[in-house]
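Step one of this worksheet: look at the structure below.
None of the figures in this text is laboratory data; all of them are computed from the coordinates on show. None of these values were measured; they are calculated from a predicted model. With ideal geometry, Cβ positions are generated from the backbone for all residues, glycine too; neighbour counts draw on all protein chains shown.
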Amino acid sequence: MRKIRMGMVGGGQGAFIGGVHRMAAALDGQIELVCGAFSSNAKRSKASGKELYLPSNRVYKNYEEMIKKEKALPEGERMDFVSIVTPNHVHYGPAKMALENGFHVVCDKPLCFDMREAKTLQKLVKKTGLIFALTHNYTGYPMVKQAKEMIKKGKLGKIRKIVVEYPQGWLSTHLEATDQKQAAWRTDPKRSGAAGSMGDIGTHAENLAEYITGLQITELCADLSIFVKGRLLDDDGNVLLRFDNGAKGVLHASQISAGEENDLNIRIYGEKGGLQWRQMEPNTLVVKWLDKPMEVLRTGVGNLYSAAQEATRIPAGHPEGYLEAFANIYKNVAHCIQARIAGKKPKAVYTDYPTVDDGVRGMQFVKKVVESSKKGARWVKI
């Protein structure tokens with residue numbers, strides 16, 4: 001038994017998401033950061049590694065050097081997996097090289113830049129049999145897992161209606177013109193991909209809807225808008241959805257909803273009742289029944305399903321949030337890698353993390369949303 005060793009690509013000085021991933025990976029004491037290529041700038045990468053107290057010989061100038069040199073190290077010393085926390089257009093290269101050299105991968109979402117890259121990674125994961133986790137972190141919340149289990153066990157009956165929303169307001173102005181780093185790359189089609197708000201946060205809404213319900217979107221009708229003058233990618237979008245069981249849905253993602261923070265929320269309605277969950281009040285799951293009073297379920301209270309209990313760390317009344325949800329993905333990946341090292345099969349609960357297939361679904365969603373909008377909000381099949 002030992003800690004699982006992580007190498008990181010991206011996430012150096014000035015980056016937001018890299019710190020989130022490092023804190024999440026370390027939260028359960030199962031994973032340690034042992035190396036990294038933290039920036040495309042070699043000097044910044046070295047400086048970032050120094051701030052993280054890594055030995056200089058384990059801080060690399062680029063991901064190619066890191067993967068090559070780590071592979072040459074003894075099995076008891078080299079990294080076990082790579083965490084990729086770069087902008088979208090730099091996901092594919094390190095993910096592909098890591099898989100080709102026998103390393104497991106944890107990658108920030110979306111999966112990559114376009115469908116060609118997505119399909120290549122999907123085939124490579126299947127060929128190698130390696131673990132590939134995508135950090136759709138909202139799937140890690142205990143009450144999201146509770147909702148999933150309730151629907152899986154038929155508590156709400158057949159699902160009929162799904163409404164999922166992700167409004168933000170941080171791009172209500174032309175923030176990218178000020179050289180703000182996060183705004184600059186997320187609104188740049190050369191780095192972000194074919195979509196703006198739909199690629200950045202719409203994919204979270206799509207993934208949450210499919211994860212909780214177990215259904216898949218088969219058709220959609222999308223209307224994308226650019227409200228801020230001079231912006232190159234969509235900052236608002238509205239999508240009608242059709243699911244594979246006949247259910248209908250509505251998805252909206254917006255980064256110009258002035259005053260909104262990160263109000264990802266979902267409502268799901270079945271024949272017997274409905275449920276509602278909000279990311280800004282993550283410990284609460286509201287269940288509304290057709291023929292009995294409404295229930296309010298709380299993290300850590302009562303007889304919740306094992307998937308929700310496994311994702312719960314602290315006593316009831318203490319908020320479990322964004323970092324803990326991220327950490328649940330890393331924890332499950334660590335247990336699965338640990339099981340492989342020991343030659344054992346992991347517990348089923350630990351295999352519950354978003355995979356490369358979920359990433360491909362997200363890339364298909366983005367592609368079809370853009371296609372539908374360009375066709376004047378026409379229905380298109382996924």
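Structure above, values below:
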item	result
Difference of contour (0.36 nm per residue) and Cα-Cα distance, residue 17 to residue 152	45.4 nm
For a label point 7 Å along the Cα-to-beta-carbon line of residue 281, residues of the range 291-312 with backbone N under 11 Å	296-297
Once the Cα gyration tensor of the range 236-376 is diagonalised, semi-axes √(5λ) in Å	29, 24, 17
Residue with peak Gaussian network fluctuation, the chain [Cα springs, cutoff 10 Å], from 304, 290, 27	290
Radius 13 Å from Cβ of residue 381, net charge of other residues (Lys, Arg +1; Asp, Glu -1)	+2
Net lengthening on full extension, residue 318/residue 261 (0.36 nm per residue, minus Cα-Cα)	18.4 nm
Computed FRET value (nearest 0.05) for residue 229 with residue 47, which takes r as the C-beta separation and R₀ as 35 Å	0.40
Descending principal axes extents, the chain, alpha-carbon based, whole Å	63, 51, 39
Count of Lys pairs (Cα-Cα under 17 Å; at least 8 positions apart or interchain) in the range 4-130	16
Calculated FRET efficiency for the pair residue 191/residue 68, C-beta based, R₀ 22 Å, to 0.05	0.30
Rounded to 5, percent antiparallel among DSSP beta bridges of the chain	60 percent
Chain lengthening between residue 219 and residue 177 when straightened (0.36 nm per residue, less Cα-Cα)	11.5 nm
The chain: relative contact order as a whole-number percent, Cα under 8 Å and 6+ apart	19 percent
Average silhouette area of the range 312-380, convex hull of alpha-carbon atoms, in square nanometres	7.6 nm²
